[in-house]
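Inspection log for the structure reproduced underneath, given as structure tokens.
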Amino acid sequence: MTKKQQRRTTRNRWVGKDPHAKREASNYERPIPSREFLMDLIAKAGVPLDMEAIATAAGLREPDELEALRRRLRAMERDAQVHRNRRGGYGLIDKLELIQGRIIAHPDGFGFLVPDDGSDDLFLSAREMRSLFHGDRVVGRVVGEDRRGRREGSLVEVTVRNTQRVVGRFFSEAGVDHVVADNKRITHDIRIPPGESGGAEPGQIVEVEIIEQPTFRRPPVGRVAEVLGEHMAPGMEIDISIRSHNLPLEWPEDVEQEIAGLKPTVSPAAKRGREDLRALPLVTIDGADSRDFDDAVYCERKAKGWRLIVAIADVSHYVHPGSALDQEAEKRGNSVYFPERVIPMLPEILSNGLCSINPKVDRLCMACEMYITDDGKILRSRFMEGVMKSHARLTYDEVGAMVMQQDEKLRGKYAALTPHLDELHRLYLVMRQQRESRGAIDFDTTETRIVFGADRKIERIQPVVRNDAHKMIEEAMIAANVASARFLERHKMPTLYRVHEVPSNEKLTQLREFLGELGLQLSGGDEPEAQDYAKLLSQVQGRPDAHLIQTVMLRSLMQAQYSPKNVGHFGLALPQYLHFTSPIRRYPDLLVHRAIRHVLRNKDRKRKQKFNYTEQDMVRFGEQCSTTERRADEATRDATDWLKCEYMMDKVGNVYPGIITSVTSFGIFIELEDIFVEGLVHVTALHNDYYHFDATHHRLVGERTGAVFRLGDRVEVRVARVSLDDRKIDFDLVTGGGGKKSSSSEARSEKVQRRSDKKDKGKSGPKSKRGGRKNKQDSRKESKSRSRRRRRS
């Protein structure tokens, strides 16, 4: 047998053992063993193996095979599937008792390693964070517990660097140039070597390219890539936020090439084989300033209920798995909506063109047809690939005027559509009753909208008033999302659910302690359901402290996220829920459309095609999409906070009424009534007493006077200071709050508690001049880390 035949025989042996050999052969001209095979090989060895040992065991000898193996092992190392030790041996992460995950940095310098496996976070000291940026992917290990009982970690290796560019203020001090990052989670000052300042002047906003990542001994080093301008320039707040949070802005060249051939109209070939829904009077109902239209609706009365059709833009027809466009959409995860500016997930030719359900033009759609009973339950549903034509582009205000106020002029203008809109409203009223009967939680929160005047300066901040038209569409979308979740669950398809977990035991304990002091009780025992929350909310309506109770209940809830594991949606009180209705602006919805299309196109085939994604793929997608969603929230919040600070700069000294929205150990946060701007009254600005923080009751209590400042109290404040750089507004208290005194028993209890605190935490720091213990965490930084906005389901 020749050497060539021997090599072929050796390769055939691993091919026979590798269950993924066919996949590798289809992807590569000269295939090598799959990742799964290599991991199994290392596991069976029982010890870390170097590359030579792995190559020998796998039967790889050719130079090109060895090079391919080297690249694959490096990729596996980067993806934290294996870890290479100092001797060059590759071992499995779980066997080495190592933990892989991403870094969440805190503005105070410490951080957390969030494990990919969902286990408890690892606390990383400021010392460990020296060589890390927020968002880096790392491998770490547990080294013990800190004094607060948290798992404490140590860095083993950085696998993926998250930060390549940083935006901040340029400074030159004592001949040393450096940039202070605008993103407060980046606590390093970036050193700028001589000749790399790009002509920046001190105080200007610049974008820095990182040329040396931070290490344990050295700060990061960068060069000024672009001078953005003066920090007060119009629109600068959004430019800073985009770059600070690494939001992809430009379209890669390969994406531009892919979309170059797209036409503004749907081709006849694309319409063939689809259900024709063009005669059906589907309409879009959105805000007056909306630009991309994901969904259209139609409703008609049937004998024992209603027929509801929700037609969604068929993005999956244009964005194919693995394409450059798909990879960029996955990277972005979602569109990001700033005041008067959008960073879209898809290029404009799709988001505002071919995929947008504009009126009077043909569009491809994925439609969900539902039959809903007289009591608001989905009796049955079906999905279809269709071609449609929107019969009108309506706004919430127009529909509200037609169905609620019976506006004769508008009803005459849309006479052909009003019967269907009336039926949709009747269906909504029934679905609303069904929603209440199952116990979905409805918190009374206020959303706001920034209105700009000349030179893009804020003219006013106004509340968004929701009418029945908003709620009609919301219920229709929820119904379509539920039907989609049931459909994919029934067909056992891997997908991303929108999950909202039950509150943690710790949060529930804190909530029950708070309610107990008010003589209230949350039913449901150790595992309350959404209807227990809803029941309590209805009980407290009309109480003077209802706002306080609602706020504390809201803060006890978990954050919704994407996951392939269906644990239900607690807030909506639904056993299955996902996102189907917005594929133009959310990547999870696009994945759901692909799964539905796969089922539809394979239901009548004898040889069914394999779906593009596995359950493990969905785990990765869920983490990515949840991360980009949080990133978008942080970016828009930063830009909005900047704008609100700019709006208040000429109002220093003015006095406004407000309400206490949060109480912390370092002060009270106040939201100004009718202005919807939040600021801080620092504890040192509360005169004539020492104030102590009572976390259970969400209040500050005066040591001598017994005066109380509590969540939900109304106060009057004066604007004392505004800082654009810090996104911080400081208030001084004028009147209000402190009116309720602690009872003698409460005072005694508080004194006993304080003595206990002093005994247990005597090293926590001295008292401030007028404000009890001085909290070492900066109030600005901690206030930014709080969630001040309810996330929609």
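The values are calculated or read from the model by the stated rules, or taken from the named source; none is laboratory data. The model shown is predicted, which means the values in this text are computed figures rather than measured ones. Glycine also receives a Cβ, built like all others from the backbone with ideal geometry; neighbour counts cover every protein chain displayed. Heads up: the accessible areas ignore ligands, DNA and RNA and are worked out on the full protein's heavy atoms, side chains in. Shrake-Rupley method; radii C 1.70, N 1.55, O 1.52, S 1.80 Å.
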For this session: Check whether at least one residue in the range 712-724 is modelled with pLDDT of 90 or more, in contact with a Lys or Arg (Cβ under 6 Å, 6 or more places away or on another chain), within 19 Å of residue 642 (Cα to Cα) and not in a loop (DSSP other than H, G, I, E, B), and report yes or no.
Result: yes
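Anything in the range 325-344 that is out of contact with any strand residue (DSSP E or B) (no Cβ under 9 Å at 6 or more places or on another chain), among the hydrophobic types (A, V, I, L, M, F, W, C) and at pLDDT 95 or above? List them, or say none. Talk me through it step by step, then tell me what you get.
Let us first name the residues in the range 325-344 that are out of contact with any strand residue (DSSP E or B) (no Cβ under 9 Å at 6 or more places or on another chain), namely 325-331, 338, 341.
Next cut, among the hydrophobic types (A, V, I, L, M, F, W, C) only: 325, 329, 338.
Hits for the range 325-344 are 325, 329.
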For this session: Of the conditions (1) more than 29 Å from residue 98 (Cα to Cα); (2) charged (D, E, K, R); (3) surrounded by fewer than 17 Cβ atoms within 10 Å (Cβ to Cβ), residue 207 clears all except one; give me its number.
Result: (3)
Exercise. For the range 439-492, what are the residues that are within 30 Å of residue 612 (Cα to Cα) and open to solvent by less than 30 Å² (accessible area, probe 1.4 Å)?
Worked result: 476, 477, 478, 479, 480, 481, 482, 483, 484, 485, 487, 488
Problem set entry | Scope the range 708-728; condition of a type in the set (A, V, I, L, M, F, W, C) and either out of contact with any helix residue (DSSP H, G or I) (no Cβ under 6 Å at 6 or more places or on another chain) or open to solvent by 20 Å² or more (accessible area, probe 1.4 Å) (or both); matching residues | 708, 709, 715, 717, 720, 722
For this session: Considering each residue of the range 395-423, count those that are open to solvent by less than 20 Å² (accessible area, probe 1.4 Å) and either closer than 30 Å to residue 603 by Cα or touching a helix residue (DSSP H, G or I) at 6+ places or on another chain (Cβ under 8 Å) (or both), and give that number.
Result: 7
Exercise. When the range 359-376 is examined, which residues are found to be crowded, with 17+ Cβ neighbours inside 10 Å and either part of a loop (DSSP other than H, G, I, E, B) or at pLDDT below 95 (or both)?
Worked result: 376
Exercise. Got at least one residue in the range 616-625 being more than 30 Å from residue 342 (Cβ to Cβ), open to solvent by 50 Å² or more (accessible area, probe 1.4 Å) and either in a helix (DSSP H, G or I) or in contact with a helix residue (DSSP H, G or I) (Cβ under 9 Å, 6 or more places away or on another chain) (or both)?
Worked result: yes
Exercise. Hey, any hits in the range 682-704 for a residue that's within 30 Å of residue 457 (Cα to Cα) and at pLDDT 90 or above?
Worked result: yes
For this session: Go through (1) part of a loop (DSSP other than H, G, I, E, B); (2) in contact (Cβ under 8 Å) with a residue 60 or more places away in the chain; (3) closer than 18 Å to residue 361 by Cβ one by one and return the number of the condition residue 231 breaks.
Result: (3)
For this session: Being in contact with an Asp or Glu (Cβ under 9 Å, 6 or more places away or on another chain) and polar (S, T, N, Q) is the filter; apply it to the range 256-315 and report the residue that is most open to solvent (accessible area, probe 1.4 Å).
Result: 265
Exercise. Quick one: which of 705, 684, 661 is over 22 Å from the mean Cα position of the chain (by Cα), surrounded by fewer than 20 Cβ atoms within 10 Å (Cβ to Cβ), part of a strand (DSSP E or B) and among the hydroxyl-bearing types (Ser, Thr, Tyr)?
Worked result: 661
For this session: Please indicate, with yes or no, whether at least one residue in the range 521-531 is small (Gly, Ala, Ser), in contact with a Phe, Trp or Tyr (Cβ under 9 Å, 6 or more places away or on another chain) and not in a helix (DSSP H, G or I).
Result: yes
Exercise. Name the residues in the range 68-94 that are of a type outside the set (A, V, I, L, M, F, W, C), modelled with pLDDT under 80 and under 32 Å from the mean Cα position of the chain (by Cα), would you?
Worked result: 77, 78, 79, 81, 83, 94
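Count, please, the residues in the range 19-42 that happen to be part of a helix (DSSP H, G or I) and at pLDDT below 80.
At the first step, the residues of the range 19-42 found to be part of a helix (DSSP H, G or I) are 21-27, 35-42.
Imposing the further condition that a residue be at pLDDT below 80 reduces the set to 21-27.
Residues that pass the stated criteria total 7.
When you go through 545, 526 one by one, which is the residue that is touching a strand residue (DSSP E or B) at 6+ places or on another chain (Cβ under 9 Å), open to solvent by 10 Å² or more (accessible area, probe 1.4 Å), farther than 19 Å from residue 575 by Cβ and of a type outside the set (Val, Ile, Thr)?
Values: 526 fails: touching a strand residue (DSSP E or B) at 6+ places or on another chain (Cβ under 9 Å).
After applying the criteria, what remains is 545.
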